[in-house]
1. At 222 nm, what value in deg cm²/dmol follows for the chain if DSSP H runs of at least 4 each add -39500 (n - 2.57) and the sum is divided by all its residues, to the nearest 500?
2. How would you order 55-63, 13-21 from highest to lowest mean count of nearby Cβ atoms within 10 Å?
3. Grab the Cα-Cα distance for Q7 and I42, subtract it from 0.36 nm times how many residues apart they are, and report the gain in nm with one decimal.
4. Between Q16 and L58, take the C-beta separation as r, use R0 = 22 Å, and let me know the FRET efficiency to the nearest 0.05.
5. In whole Å, largest first, what are the principal axis extents of the Cα atoms in the chain?
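Read-outs: derived from the displayed coordinates by stated rules, not from any lab. These figures come from a predicted structure and were not determined experimentally. Virtual Cβ from ideal backbone geometry, glycine too; neighbours counted across all protein chains shown.
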Amino acid sequence: MIKPDFQTMPRAELRQYILDHREDDEAFQTYLDRFTSEDTVIFPAPQSIEDLENFPELHKQNLERLRKQA
């Protein structure tokens, strides 16, 4: 059996592959590397009412970014 290319596999597909092949350490490590990559964006918790006013726009941007990753 030929192993798939984990680097080019979409994140959702890689996740499903890992669930189906739990013994595949290489696939799991690739998933972890991608999950903890530098392009991961972390948004701080809102600290004020003004922060909450920006939430809809930030949420929209995050959803668009996630769609592009999938």
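1. Rounded to the nearest 500, the figure is -17500 deg cm²/dmol.
2. Per-residue mean Cβ counts within 10 Å order the peptides as 13-21, 55-63.
3. Here the segment from Q7 to I42 would lengthen by 10.3 nm.
4. So the FRET efficiency works out to roughly 0.15.
5. 55, 20, 18
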